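A.B. asks: Let me begin by handing over the structure; questions about it come next.
Any read-out appearing in this document is the output of simple, stated calculations on the displayed coordinates, not a laboratory observation. In this text, all values refer to a predicted model and were calculated from it rather than measured experimentally. Virtual Cβ from ideal backbone geometry, glycine too; neighbours counted across all protein chains shown.
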Amino acid sequence: MTLSSDASVIDVSEVTRTFVLRRRTGWMRRERSDVHAVRDLSFSVRAGEMVGYLGPNGAGKSTTIKMLVGILTPSAGRLRVAGLDPSRQRLRLARRIGVVFGQRSALWSDLPLRDSFDLIQRIYRIPPARYRQNLDEFIQLLDLASFIDTPVRQLSLGQRMRGSVTAAFLPEPEIVYLDEPTIGLDVVSKAAVRSFLSRTNRESGTTILLTTHDMTDVEQLCRRVMVIDHGRLGFDGTLDELRTRIGGVRTLRVDLAEPQPAMTIEGARVVRVDGARQWLEFSAQDSAAPLVSAVAARYPLVDLAVGEPAIEDIVARLYTTDRLPAVPPSRTDPDPTHPPSPVR
Amino acid sequence: MIPDRANPPPAQANLATLPAPAELAAAAAADASPRPTRLVGSLGRLGRLGRAWESARMWGAISSASARRMLRYRAAVLASIVSNIVLTVLRGHLALAVWAQRPGLAGYDSTAAVTFTVLGQSLVTTFAVFGGMIDIPWRVRTGSIEVDLVRPLGFQRWYLGLEVGRAAVYLASRALPAGIVGVLLFDLRLPRTAGAAAAFAMSLGLALLVSFGLRYLVALSAFWMTDFRGVQAVSALVMMFFSGAILPLVLFPGALGTVAALLPFGAVVQTPMDLYLGTVDDGPVRALAFQATWALVLLLAGQTLTARAIRRLVVQNG
């Protein structure tokens, strides 16, 4: 694997962003306090990567994106995007990136969706043939045809998001940031946006950084996951590594033929009983198969389902349980006689 | 892995279809140099003239979008046409009554007075002397301003582009219909010479710049203030009063008159009017220079303040 630094398009090193809060404590008296939105953040993203940026609300995700697009300066540290200093070279950088700011739309709300796209063609000077080709493709991939001539303010949330995504990708930017692109969207829109992102990343090599609370987004899209909380990067690796490292629990939901008292099964514990339905928790590292056979051998099993740990739980565990070292032990273990424990 | 999971594992399925990181990196490395230029490249071939043409088309498209956005509200447009016609007729008759009582007031005869009133009404609406019409304060409050800052265009220019579209709509939907009715109802004066008409036309463009320059500065203050409405109300009053829209500035006595003649507000209504009526004291060139100077000063001030406003947002996020 090549990890040469020249291929990286986003370089963040020891970036800190402090906000000064001034609170009035009395007549003419003010108290100053510093809040670190982001602290000693370091990561780099190579061209063509698709990275999921996770963390609870207020963790520093949006602050990071604002710094990456140049509308917020870091208090300390160094930031380079496509070789540019974002806040100093904001306009130059703007030509090369695309941004989808969650619910804040760059679309013209009173005009048909198409008009916003036409204006983007003019602003980014997309050659007409190329523009038509891109737009036709996006209309098909994101299923825009039925509402492209509808004023944006009449569109549903999902339709508007698909429009915003189109607007961000039309000028063929090198890097696209998406802040919560699937939040509040209907199933169809979510699926359309996901497959569009996946395809564009794969075929055009567009670097994509997206923040999300949606586990499915991460699972379907992101090879790499970064987790931030309280302004610090707590994890940077694959989703499986994250699951392994955090441990965490999976749940087995079983439907029995008739209501039973809570089951007693080794390696799992019942966390909830509701009529004939029971929920068991077991370690995420364990296989569900022996557990299922143990249940099936002793109880009249009708149906079952395995639930993965939710990303919120994983993130919460990352920060509430013991503070883990920055790198998983299995990676740094210098002793070759102790191979890293197998994943699952 | 068991077959009957509630959540099929899409992660694994999907990852299989994705290229490996090594492939991605290699593809990206091979792609890195040509890709940024693939759209910019088409620009390089255009040459200076071609680029100016593209730029003009872009600003035309921005102004046009701004205008079309307003025209979507058909009922509002119709209502504004009617209300401006009614207001113009009322104010025209009022002027006639005043000048019938005080002939020669302000050095105007009654034809000049009624012309002043009808034309003044048109200028007031076209150049938004009543203030506002730049939605920076709203965008600052809602945070939409961030969208403006990731656009590869200058902030002030963008809003000027929008303003041109707005003024065009107001000219067509408010000023012209009311002006036509005014011409039909009253004995209005027309520019005496072709030169006066040309100077008037030029002064309209400059008046728009001055009006925008003023309102833009007011709108920018929203970056520093939590409640913008006070500034907005006061500025609208001052602008209206000193523009010459309510009373001709020549009516202002003594020192007030001197000051009013120097302030930029007169460049929005009084100067175009004087050029139209041919009542400029020192010739049209001086009047146009007065407007142009204020336009330049205000736009430069706006540019400086824009940089500070954005800096404030970017550095303090406040």
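A.B. asks: Find the centroid of the Cα atoms in the stretch A:232-295 and in the stretch B:86-159, then give the distance between the two in whole Å.
C.D. replies: Each part reduced to its Cα centre gives a spacing of 70 Å.
A.B. asks: Return the tail of the calculated pair distribution for chain A, meaning the percent of Cα-Cα pairs more than 35 Å apart.
C.D. replies: Considering chain A, 36 percent of its Cα-Cα pairs are separated by more than 35 Å.
A.B. asks: If you don't mind, there's one more thing I want to ask. Check which residues have an amide H placed less than 5 Å from A:D229's amide H, if you skip close sequence neighbours.
C.D. replies: Residues meeting the amide H criterion: A:G234.
A.B. asks: If you don't mind, there's one more thing I want to ask. Within 14 Å, Cβ to Cβ, of B:L204, how many net charges do the neighbouring residues add up to if Lys/Arg are +1 and Asp/Glu are -1?
C.D. replies: With Lys, Arg at +1 and Asp, Glu at -1, the neighbours total -2.
A.B. asks: Take peptides B:207-213, B:217-223, A:129-135 and line them up by average Cβ neighbours within 10 Å, highest first, as a rough protection proxy.
C.D. replies: Ranked from most to least packed, the peptides come out as B:207-213, B:217-223, A:129-135.
A.B. asks: Let me ask something additional. What are the ³J(HN,Hα) couplings of the stretch A:208-221, residue after residue, when phi is run through the Karplus curve with 6.51, -1.76, 1.60 and θ = phi - 60°? Round to Hz, x for glycine and proline.
C.D. replies: Taking θ as phi minus 60°, the curve returns 10, 10, 10, 9, 6, 10, 9, 4, 5, 3, 5, 4, 7, 10 Hz for the stretch A:208-221.
A.B. asks: Follow-up. Let me know the mean shielding of A:202-209 by other chains, meaning the per-residue number of their Cβ atoms within 10 Å of its Cβ.
C.D. replies: Per residue, the average neighbour count from other chains is 2.
A.B. asks: How long is the gain from A:V20 to A:V188 if the chain were fully straight, where each residue apart is worth 0.36 nm and the alpha carbon distance is subtracted?
C.D. replies: Length difference between fully extended and current span is 56.3 nm.
A.B. asks: For the stretch A:5-237, what is the percent of antiparallel DSSP beta bridges, rounded to the nearest 5?
C.D. replies: Taking every DSSP beta bridge with both residues in the stretch A:5-237, the antiparallel ones total about 60 percent.
A.B. asks: With a 10 Å radius around each residue's Cβ, average the other Cβ atoms per peptide and rank A:7-17, A:268-278, A:44-54, highest first.
C.D. replies: With the highest mean Cβ count within 10 Å placed first, the list reads A:44-54, A:7-17, A:268-278.
A.B. asks: Still on this model: Calculated FRET efficiency, A:S33 and A:L91, Cβ-Cβ r, R0 35 Å, to nearest 0.05?
C.D. replies: So, using R0 = 35 Å, E works out to roughly 0.55.
A.B. asks: Net charge near A:K66, counting Lys/Arg +1 and Asp/Glu -1 over other residues with Cβ under 13 Å of its Cβ?
C.D. replies: Net charge in that neighbourhood comes out at +2.
A.B. asks: Residue by residue through the stretch A:291-298, which ³J(HN,Hα) values in whole Hz follow from phi under the Karplus form 6.51 cos²θ - 1.76 cosθ + 1.60 (θ = phi - 60°), with glycine and proline marked x?
C.D. replies: Residue by residue, the stretch A:291-298 yields 5, 4, 5, 5, 5, 4, 5, 10 Hz.
A.B. asks: Now, a different point. Using a Förster distance of 35 Å, how high is the FRET efficiency between B:R48 and A:D136, based on the Cβ-Cβ distance and rounded to 0.05?
C.D. replies: 0.60
A.B. asks: If you plug each phi of the stretch B:259-269 into the Karplus form 6.51 cos²θ - 1.76 cosθ + 1.60 with θ = phi - 60°, what whole-Hz ³J(HN,Hα) values come out, in order, with x for Gly and Pro?
C.D. replies: So the Karplus estimates, Gly and Pro as x, are 5, 4, 6, 8, 5, x, 4, x, 5, 7, 10 Hz.
A.B. asks: What's the angle, to the nearest 10 degrees (0 to 90), between helix A:187-204's Cα axis and the longest principal axis of chain A?
C.D. replies: Result, in degrees: 70.
A.B. asks: Please average, across the residues of B:147-156, the number of beta carbons from any other chain that are within 10 Å of each residue's own beta carbon, and give a whole number.
C.D. replies: 6
A.B. asks: I've got another one for you. Within 10 Å of each Cβ in peptide A:41-49, how many partner chain Cβ atoms are there on average? Round it to a whole number, please.
C.D. replies: Average per residue, whole number: 3.
A.B. asks: Moving on. How big, in percent, is the set of alpha carbon pairs in the protein assembly as shown lying more than 41 Å apart?
C.D. replies: 44
A.B. asks: Might you report the magnitude of the Cβ-based charge dipole of the protein assembly as shown about its Cα centre, with Lys and Arg at +1 and Asp and Glu at -1, to the nearest 20 debye?
C.D. replies: 1940
A.B. asks: Next question, about the same structure. To the nearest 500 deg cm²/dmol, what mean residue ellipticity at 222 nm is calculated for the protein assembly as shown from DSSP H runs of n ≥ 4 alone, each contributing -39,500 (n - 2.57), summed and divided by the residues?
C.D. replies: -16000 deg cm²/dmol
A.B. asks: If a/c stays under 1.5 just call it rounded; otherwise compare a/b with b/c (prolate if a/b is bigger, oblate if not). Do that for the stretch A:196-257, with a ≥ b ≥ c from the square roots of the Cα gyration tensor eigenvalues.
C.D. replies: Here the stretch A:196-257 falls in the oblate category.
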